Each structure stands twice: as C-alpha cells, then as structure tokens.
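Trainee: Sharing a structure, written as structure tokens. Questions coming.
No value in this document is a laboratory result; all are computed from the given coordinates. Keep in mind that this is a model prediction, so the values were computed, not measured. Cβ: placed from backbone, ideal geometry, glycine included. Neighbour counts: every protein chain shown.
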Amino acid sequence: MRNLVWGFLCFALFYGCKKDSGCGYSDQNIVAPVSEQQAVKSYLDSNSVYSATKDAAGFYYEVYEDGNGNSPNLCSQIEVSYTGKLTSGAIFEQASTAFTLGSSIEGLRKGLPLIKKGGHMKLYIPPSLAYGSKEIKDGSGKVIIPANSILIFDISLTTFY
C-alpha cells in the first residue's frame with residue numbers, strides 16, 4: 001500500500017510539473033485600477049490616439065503589424081527592438097534586447113502575445129502593470145522612470161523561441 005501511495009504521489013508531482021509550463025512564470029491576473037485606466041485613456045484622448053484598443057487588464061495597444069506564425073508565451077525567449085517613453089515624451093530607453101517574456105513587467109507580459117514574430121505594436125501601460133510606485137534609476141542613480149508613470153512602448157518582436 002505504501003508503494004502505491006508513493007507511486008501516486010510521484011505520478012501527481014510529475015503530472016503537475018508536466019502540466020505546468022516548466023519555466024516558473026504564470027499569469028498574475030493583475031488588472032489596473034480604474035483610475036489608472038482612465039489616466040491612460042485621458043492621455044490617449046489628449047494626444048488624438050483614437051485607434052488604441054483597451055485590453056481587459058487595463059492597458060491600451062495599437063497593432064501596426066501582426067507578424068506571422070505563433071505568438072510568444074511567458075516561457076518564450078524573445079528578441080525585441082523598442083523605444084520606451086514617458087507621457088512627457090522623454091525616452092527612458094531605446095534598445096534591441098533578448099529576455100524571457102515572463103521576466104518582464106506585466107504590461108509586456110500581457111501585450112506582446114497580441115503579436116507574432118515580425119509584429120510591431122505600441123503599448124500604453126498604466127503604472128500597476130509596469131513599475132507601480134517604484135521609481136527606476138539608471139546606473140548613476142538618476143531617476144529615469146518616476147514612480148506611478150504611464151509607460152509607452154513602441155515595440156517590434158524580432159523573434160522568439
């Protein structure tokens with residue numbers, strides 16, 4: 001009987017791990033507060049951005065090019081080219097880089113799967129789906145992303161695997 005129970009536990013553990021993505025990332029199911037969603041909407045309206053679509057999580061996006069093939073998931077190693085801006089227009093980062101999608105901020109985790117390899121989009125991310133009340137500093141200690149900032153990413157998904 002002990003062997004049967006042990007075997008069942010091993011099977012359950014193996015099956016549970018097999019069913020999991022295996023990379024350790026899962027959907028956090030975070031939804032931006034209505035006040036943040038309204039702040040993004042106000043920014044879009046004041047800048048005559050009427051083509052942006054609202055996602056259920058509270059960010060907005062515009063897809064310029066869908067891309068081809070499959071969409072990335074949280075476990076995907078992705079390569080992107082992007083420009084990150086604040087609503088003031090200040091660029092806080094511009095780069096081409098690779099990372100695991102699940103390791104990024106929630107707005108990218110939820111937004112990038114809306115396109116495929118070769119796709120291009122713009123994301124308007126409220127603070128709670130970005131860095132929230134945490135300010136982000138560069139290597140010299142200068143704040144490059146103030147706390148509670150709306151982030152705007154113009155991003156192309158180069159590839160993923």
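Trainee: Given springs between every Cα pair under 10 Å in a Gaussian network model of the chain, which of E36, E135, E79 has the largest fluctuation?
Mentor: E135
Trainee: Still on this structure: Report, in debye and to the nearest 20, how large the dipole of the chain comes out about its Cα centre when Lys and Arg carry +1 and Asp and Glu carry -1 on their Cβ. Walk me through the numbers before you get to the answer.
Mentor: On the way: 14 positive and 14 negative charges, 94 e Å.
Dipole magnitude for the chain comes out near 460 debye.
Trainee: Going 7 Å from the Cα of S88 along its beta-carbon direction, which residues of segment 144-161 have the amide nitrogen within less than 13 Å of the resulting point?
Mentor: 144-150
Trainee: Can you find, among L101, Y25, Y61, the residue farthest towards the positive end of the dipole of the chain? Put +1 on the C-beta of Lys and Arg, -1 on that of Asp and Glu.
Mentor: Y25
Trainee: If you don't mind, there's one more thing I want to ask. Could you tell me which of rounded, prolate or oblate describes segment 37-112, using a ≥ b ≥ c as the square roots of the eigenvalues of the alpha-carbon gyration tensor, with rounded for a/c under 1.5 and, failing that, prolate when a/b is larger than b/c and oblate otherwise? Before the final figure, lay out the partial values.
Mentor: Working: a/c = 1.86, a/b = 1.48, b/c = 1.26.
Prolate, because a/c is 1.5 or more and a/b exceeds b/c.
Trainee: Top mean-square fluctuation among G67, G84, G24, Gaussian network model of the chain, C-alpha springs under 10 Å?
Mentor: G24
Trainee: Just need the Rg to Rh number for the chain, please, alpha carbons only, Kirkwood Rh. Before the final figure, lay out each step's value.
Mentor: Numbers: Rg = 18.8 Å, Rh = 17.2 Å.
Ratio value, two decimals: 1.09.
Trainee: Helix 34-46: angle to the longest alpha-carbon principal axis of the chain, degrees 0 to 90, nearest 10?
Mentor: Between helix and principal axis, roughly 40 degrees.
Trainee: Could you work out how far apart the two model spin labels at S35 and K137 are, taking each label as a point 7 Å from the Cα in the direction of the beta carbon, and quote it in nm?
Mentor: 2.6
Trainee: Of S103, S128, S149, how do they rank once you tally other Cβ atoms within 10 Å and put the fewest first? Don't jump to the answer; show the numbers that get you there.
Mentor: Working: S103 13, S128 21, S149 24.
By the 10 Å Cβ count, ascending, the order reads S103, S128, S149.
Trainee: To continue, here is another question. How large is ³J(HN,Hα) for each residue in segment 98-107, as worked out from phi by the Karplus curve 6.51 cos²θ - 1.76 cosθ + 1.60 (θ = phi - 60°), to whole Hz, x for Gly and Pro?
Mentor: Those phi angles translate into 10, 6, 7, 3, x, 8, 9, 5, 4, x Hz.
Trainee: State the answer as a single residue: which of A90, V34, V80 lies farthest towards the positive end of the charge dipole of segment 30-160, with beta carbon charges of +1 for Lys and Arg and -1 for Asp and Glu, about the Cα centre.
Mentor: So the residue furthest toward the plus end is V34.
Trainee: Expressed as a rounded percentage, what relative contact order does the chain have, with Cα pairs under 8 Å and six or more residues apart?
Mentor: Details: 309 pairs, mean separation 41.2, N = 161.
Relative contact order here is 26 percent.
Trainee: Let me ask something else about it. Quick one: which of K85/K116; K85/K117; K85/K137; K85/K142 span more than 19 angstrom between C-alpha atoms?
Mentor: On the way: K85/K116 22 Å; K85/K117 23 Å; K85/K137 14 Å; K85/K142 16 Å.
Correct reply: K85/K116; K85/K117.
Trainee: Next question, about the same structure. In which sequence would F160, F92 go, from the one with the fewest C-beta neighbours within 10 Å to the one with the most?
Mentor: Values: F160 22, F92 17.
The fewest-first ordering by Cβ neighbours comes to F92, F160.
Trainee: From the backbone phi of segment 48-59, what are the Karplus-calculated ³J(HN,Hα) couplings (6.51 cos²θ - 1.76 cosθ + 1.60, θ = phi - 60°) in whole Hz, Gly and Pro given as x?
Mentor: Per residue, the Karplus-derived 3J(HN,Hα) values read 6, 9, 9, 8, 6, 9, 8, 8, 4, 6, x, 8 Hz.
Trainee: With n ≥ 4 as the cut-off for DSSP H runs, can you work out [θ] at 222 nm for the chain, using -39500 (n - 2.57) per run divided by the number of residues, rounded to the nearest 500?
Mentor: Numbers: 3 runs with 37 residues, N = 161.
After summing the helix terms and dividing by residue count, I get -7000 deg cm²/dmol.
Trainee: Now a separate question. Compare K142, K117, K41 in a GNM of the chain, Cα atoms joined below 10 Å, and give the one with the largest fluctuation.
Mentor: Looking only at K142, K117, K41, the largest GNM fluctuation is found for K142.
Trainee: Also: Give me the one-decimal nm value for the distance between modelled label points at T158 and S51, 7 Å along each residue's Cα-to-Cβ direction.
Mentor: Spacing of the two 7 Å Cα→Cβ label points: 2.5 nm.
Trainee: What are the ³J(HN,Hα) couplings of segment 149-156, residue after residue, when phi is run through the Karplus curve with 6.51, -1.76, 1.60 and θ = phi - 60°? Round to Hz, x for glycine and proline.
Mentor: For segment 149-156, the Karplus curve yields 8, 7, 10, 10, 10, 9, 9, 10 Hz.
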